[in-house]
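Inspection log for the structure reproduced underneath, given as structure tokens.
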Amino acid sequence: MQYLDTSVVVASLTNEVASGSVRAWLTAQSAGSVLISDWVVTEVSSALSMKIRTGALPIERRSTKLAYFRQIVGESLTLLPVTPPHFHTAALLADQHHLGLRAGDALHLAIASGVGARLCTLDRRLANAATEIGASVLLLS
């Protein structure tokens with residue numbers, strides 16, 4: 001099982017440096033083997049709004065991107081709920097200051113490791129933290 005953090009999902013939906021390689025990698029994954037969480041859903045909305053504010057995404061494209069995202073969630077991704085134990089584990093990870101994790105990244109790591117999935121990310125800091133705690137990780141580029 002592969003758990004996608006938000007960086008991977010956003011790259012697949014928009015035009016970023018890694019978008020082509022992310023899309024190719026995602027296409028090669030079997031349906032049902034790719035997981036995201038409710039937290040990813042929240043962060044995708046936030047990321048698209050930020051792209052509008054910075055001029056990286058025209059406002060009229062946001063609804064199309066969100067509709068496509070909802071479609072792929074319904075058709076080929078498994079959506080995991082975020083539970084209180086995930087938040088508690090994320091807090092324990094964030095307590096390890098040497099990992100350099102922000103709260104959202106600690107939550108992704110807690111969710112992925114909680115279900116025994118490989119964390120797939122574009123975030124080198126998150127990948128390094130995952131490796132340091134012994135979690136399975138794939139740093140996409």
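Laboratory data are not the source of any read-out in this text; all were calculated from the coordinates shown. These figures come from a predicted structure and were not determined experimentally.
Which shape class applies to region 1-60: rounded if a/c is under 1.5, otherwise prolate when a/b exceeds b/c and oblate if not, where a ≥ b ≥ c are the square roots of the Cα gyration tensor eigenvalues? Here region 1-60 falls in the oblate category. Taking a ≥ b ≥ c as the square roots of the eigenvalues of the Cα gyration tensor, the chain is classed as prolate, since a/c reaches at least 1.5 and a/b is larger than b/c. For the pair region 1-41 / region 50-75, the C-alpha centres are spaced 14 Å from each other.
For the chain, the 222 nm mean residue ellipticity estimated from helices alone, with every DSSP H stretch of n ≥ 4 adding -39500 (n - 2.57) and the total spread over all residues, rounds to -18500 deg cm²/dmol.
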